[in-house]
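Structure, as structure tokens:
The values are calculated or read from the model by the stated rules, or taken from the named source; none is laboratory data. Values in this document were obtained by computation on a predicted structure and should not be read as measured data. Every residue, glycine among them, receives a Cβ derived from its backbone with ideal geometry; neighbour counts consider all protein chains shown.
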Amino acid sequence: MSAEVRLLAFAGARDVIGAGEVALPLDAPEPARAFLERVVRRFPALAPHRGSLRLAVNGAYAAWDDEVRPGDEVALIPPVAGG
Amino acid sequence: MSDGLGLFDLRTEPLSVDEVTAAVQHGGAGGTVVFLGSVRDESDGRAVSLLEYEAYPSMARSEMAAIGAELAREIPGVRLAAVHRVGKLEVGELAIVCAASAPHRGEAFRACRALIDRIKERVTIWKREHGPDGPYWVGWQDARCLGHDERDGHAHAHTHTPEEGPTHER
């Protein structure tokens, strides 16, 4: 299992990060809440938006205490606006 | 993606109302309700000339199908389908077509309403409005003030109306 997470970013989050996909090192599982903090430390410009971001892990919305594991695909989900 | 409940998909090309409607029709369907969401020419008083829709495609499809499955459990006898457009859309173009059929009209109306409401709430699709002030991801800047961590004292007054996406449903 690779010691990193494939992080996807969409819409406004992608604009802030400057890429739709980045690899983030992750050695051990951690709760989604902690993982989001890790992402915000890496991309501080996301900080003002932290309260509106949700995480999806492997294609499904994650609860904040769900674990993110090395090898997962994690997506930053800004407020959705379909329809 | 069809799993017996109907059709749930994303398209880059213009949507076909007939295709989505046909996906829910069958001999037992006495009533069918169709919702069309189209690009409106203004949003919160700003002129809109173009909308750009972006999706997390695999999750958008699975989330739409999950909503369809939920509603099929909640409302017996319904069949549901929804197709959402992605890419650049001009004013008047269809962004989404939702259809619900049921033995009777009451369930069909209720199911179609719930289908579009839950799609707007949960499905991983975003839109960027283009107007005189430049492009703007709907919900992104506004959501800054919902954050727990920023107290920068910016003094703006507006209300959030997550129920109603700003550019549809005239």
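Can you pull out the residues in the stretch B:95-117 that are under 21 Å from B:Ser43 (Cα atoms) and buried (at least 19 other Cβ atoms within 10 Å of the Cβ)? Once the filter is applied, which keeps residues that are under 21 Å from B:Ser43 (Cα atoms) and buried (at least 19 other Cβ atoms within 10 Å of the Cβ), the stretch B:95-117 yields B:Ala95, B:Ile96, B:Val97, B:Ile116.
Determine, yes or no, whether B:Ala55 is within 11 Å of another protein chain (Cβ to nearest Cβ), closer than 19 Å to B:Leu15 by Cβ and among the small types (Gly, Ala, Ser).
Working: within 11 Å of another protein chain (Cβ to nearest Cβ): yes; closer than 19 Å to B:Leu15 by Cβ: yes; among the small types (Gly, Ala, Ser): yes.
So B:Ala55 passes the test.
At pLDDT below 95 and more than 26 Å from B:Arg118 (Cβ to Cβ) - does that describe any residue in the stretch A:62-74? Before you say what the answer is, go through the steps one by one.
As a first pass, look at the stretch A:62-74 and keep what is at pLDDT below 95: none.
No, that holds for no residue.
The set of residues in the stretch A:28-59 being in contact with an Asp or Glu (Cβ under 7 Å, 6 or more places away or on another chain), crowded, with 18+ Cβ neighbours inside 10 Å and under 16 Å from A:Pro70 (Cβ atoms) consists of A:Ala32, A:Val57. Taking the stretch B:79-96 as the range and being touching a residue at least 40 places away in the same chain (Cβ under 8 Å) and over 13 Å from the mean Cα position of the chain (by Cα) as the test, the residues that pass are B:Arg79, B:Leu80, B:Gly87, B:Leu89, B:Glu90, B:Val91, B:Gly92, B:Glu93.
Can you find a residue that is among the β-branched types (Val, Ile, Thr), touching a helix residue (DSSP H, G or I) at 6+ places or on another chain (Cβ under 9 Å) and more than 10 Å from chain B (Cβ to nearest Cβ) anywhere in the stretch A:40-48? No: zero hits.
The residues on offer are B:Ala81, B:Ala47, and the sole one that is aliphatic (A, V, I, L, M) and surrounded by fewer than 16 Cβ atoms within 10 Å (Cβ to Cβ) is B:Ala47.
Which of the residues spanning the stretch B:34-50 are at pLDDT 95 or above and more than 16 Å from B:Phe8 (Cα to Cα)? Correct list: B:Ser38, B:Val39.
Could you look through the stretch B:118-129, keep only residues that are surrounded by 16 or more Cβ atoms within 10 Å (Cβ to Cβ) and not hydrophobic (A, V, I, L, M, F, W, C), and pick out the one that is nearest to A:Gly82 (Cα to Cα)? Before the answer, list the steps.
Within the stretch B:118-129, the first condition is being surrounded by 16 or more Cβ atoms within 10 Å (Cβ to Cβ), and the residues that meet it are B:118-120, B:122-129.
Still in the list and also not hydrophobic (A, V, I, L, M, F, W, C): B:118, B:120, B:122, B:124, B:127-129.
On the way: B:Arg118: 10, B:Lys120: 5, B:Arg122: 9, B:Thr124: 7, B:Lys127: 7, B:Arg128: 10, B:Glu129: 12 Å.
Top of the filtered list is B:Lys120.
Of all residues in the stretch B:12-39, those satisfying the criterion of being surrounded by 15 or more Cβ atoms within 10 Å (Cβ to Cβ), part of a loop (DSSP other than H, G, I, E, B) and within 18 Å of the chain's Cα centre (by Cα) are B:Leu15, B:Val39. Return yes when B:Gly68 is surrounded by 13 or more Cβ atoms within 10 Å (Cβ to Cβ), modelled with pLDDT of 95 or more and either under 14 Å from the mean Cα position of the chain (by Cα) or assigned to a loop (DSSP other than H, G, I, E, B) (or both) and no when it is not. Here the answer is yes, as B:Gly68 does meet what is asked.
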